[in-house]
Amino acid sequence: MKLHEYQAREIFARYGVPLPRGELAHTSQEAYDIASRLGVPVMVKAQVLVGGRGKAGGIRSASNPQAAREMASHILEMSIKGLPVRKVLVVEAVEIEKELYLGMVVDRALCAPVMIASSEGGVEIEEVARTMPERMAKITVDPFLSLRDYQARQLALEIGLGRETVAEWIVIAQGLYKAFMECDASLAEINPLALTREGRLVAIDTKMVLDDNALFRHRDWGALRDLTEEEPREREAREQGLSYVKLEGEIGCLVNGAGLAMATMDVIKLYGGEPANFLDVGGGARAEQVAVALRILVSDENVKAVLINIFGGITRCDEVARGILEALRQIQVEVPMVVRLAGTNEEEGRRLLADADIETASTLIEAAQRAVETARGS
């Protein structure tokens, strides 16, 4: 679950991370009032859940309250990567001497949190890692021991931070680590972490992604989710207990099990196709869930063919087949479908589909090849 910058700021502030003063505004008049209260030059920053706000013109400087009102009025009329800007963050401007990067992620290979630092802040960290790997430093944190001060100090020295600022760096690193762990985040970053002309460290831009599988431990965080900026199909799928991620391909995938879904997407690409989505209906998918999933899937106008790949372990193949037929009674599907059923009651499932003139396949390879062919034919 992605958080807006202003939401991440609020969390980081609770953990002692220094931030420029600022408030959220929904109108240009509110931006004027906030700039007046701050009494200093400000930055007006669009709050949307996508990157590239600065390049799109969604971050503007204002030297006085009137300019802040004008900048906010302009930004609130914008759309950035298809998302309308509905609110702006007005924060005091900071005179920056040097931009740094500090972030926390989970290393799935090491099964541990990793802290990453760089002397090249203000740009995408992936680009820094690709073009200037020597300016990257990282350290693995033992979750049972937590981040130690010497580890944070080591990162600071590796990226060339002066010794006079190391103590402040350690406080920020510890705050970031605690926020990351206690909030069950999958990403927490400060980019840039500014070294000001006065020699202070200030978190200029903040980002946080929470693991929504852990929301049961944080019931109040449901209010942080911005439904207006979610992809409508992804939102509906989540409400129905389905795992759905929209992609840019032409072959819709409906699969039970995340691993099988990934394998299905790989095989589609192997035979020259592009998946239009990741969609996992779960190991115990019922007929009504399959019907909802199929309806979501075919509502994507990019889908030219549908591949349904079901392994019947807990799920019965005949139950899935009935879900498909029920979905076809509810909605009009105008793209070809290929269904691969394997496992419990697969013969009965195939019979039900054959009676309805729906194409079936006995193997994933056969199903993927046929789906790619039919998508191209469409």
(message) Using a probe radius of 1.4 Å on heavy atoms only, what accessible surface per residue do you get for the range 64-156? Whole Å² is fine.
(response) 54
(message) Amide H of D205 versus every other amide H placed in the peptide plane: which residues, excluding those fewer than 5 positions away on the same chain, fall under 5 Å?
(response) N191
(message) I'd like the distance separating the alpha-carbon centroids of the range 186-249 and the range 19-58, in whole Å.
(response) 19
(message) Can you compute 3J(HN,Hα) from phi for each residue in the range 243-249, using the Karplus curve 6.51 cos²θ - 1.76 cosθ + 1.60 with θ = phi - 60°, rounded to whole Hz and x for Gly and Pro?
(response) 9, 9, 10, 6, 10, 10, x
(request) Express in Å², to the nearest 10, the accessible area of S362 obtained by rolling a 1.4 Å probe over the protein heavy atoms while all chains stay in place. (result) 60
(message) Between V255, V335, V94, where does the largest GNM mean-square fluctuation fall for the chain, given springs only between Cα atoms within less than 10 Å?
(response) V335
(request) Sort F311, F12 by accessible area with a 1.4 Å probe, largest first. (result) F311, F12
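Please state the relative contact order of the chain as a whole percent: Cα pairs under 8 Å, 6+ residues apart?
In percent, rounded to a whole number, it is 12.
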(request) Arrange the residues W221, W169 by how much accessible surface each exposes, largest first, with a 1.4 angstrom probe. (result) W221, W169
(request) Enumerate the calculated ³J(HN,Hα) couplings along the range 197-210 in order (Karplus 6.51 cos²θ - 1.76 cosθ + 1.60, θ = phi - 60°), each rounded to whole Hz, writing x wherever the residue is Gly or Pro. (result) 5, 8, x, 9, 9, 9, 7, 7, 10, 10, 9, 8, 10, 9
(message) Rg and Dmax in Å for the range 236-378, alpha carbons only: what are they?
(response) 13.1, 35
(message) Please report the accessible area of T140 (heavy atoms, 1.4 Å probe, ligands and nucleic acids excluded) in Å², nearest 10.
(response) 60
(request) Using only the alpha carbon atoms of the chain, find the Kirkwood hydrodynamic radius as the inverse mean reciprocal pair distance, in angstroms to one decimal. (result) 23.4
(message) Using helices alone, I'd like the mean residue ellipticity at 222 nm for the chain: each DSSP H run of four-plus residues gives -39500 (n - 2.57), total over residue count, nearest 500.
(response) -11000 deg cm²/dmol
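Please state, as a whole number in µm²/s, the translational diffusion coefficient that the Stokes-Einstein equation yields for the range 81-197 at 37 °C and 0.692 mPa s, with Rh defined as the Kirkwood radius across alpha carbon pairs.
In µm²/s, the coefficient rounds to 216.
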(request) Would you please give the residues with an amide H less than 5 Å from that of R225, counting only those at least 5 places away or on a separate chain, with H modeled from the backbone geometry? (result) none
(message) Can you compute the FRET efficiency between D300 and R219 using 1/(1 + (r/R0)^6), with r the Cβ-Cβ distance and R0 = 25 Å? Round to the nearest 0.05.
(response) 0.20
(request) Let me know the shape class of the range 330-378, please: from the alpha-carbon gyration tensor, a ≥ b ≥ c as square roots of the eigenvalues, rounded when a/c is under 1.5, otherwise prolate if a/b is greater than b/c, or oblate. (result) oblate
(request) Could you tell me which of the pairs K87/K304; K55/K138; K138/K207; K45/K178; K55/K304; K55/K246 are separated by over 30 angstrom between their Cα atoms in the structure shown? (result) K87/K304; K55/K304
(request) Quote the Stokes-Einstein diffusion coefficient, in whole µm² s⁻¹, for the range 193-265, based on the Kirkwood radius over alpha carbon pairs, a temperature of 25 °C and a viscosity of 0.890 mPa s. (result) 153
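The values are calculated or read from the model by the stated rules, or taken from the named source; none is laboratory data. Note that the coordinates shown come from a computational prediction; the quantities given were computed from them, not determined experimentally. Ideal geometry is used to build each Cβ from the backbone, glycine not excepted, and the neighbour counts take in all protein chains shown. SASA here: full protein model, heavy atoms, side chains in, ligands and nucleic acids out. Shrake-Rupley method; radii C 1.70, N 1.55, O 1.52, S 1.80 Å.
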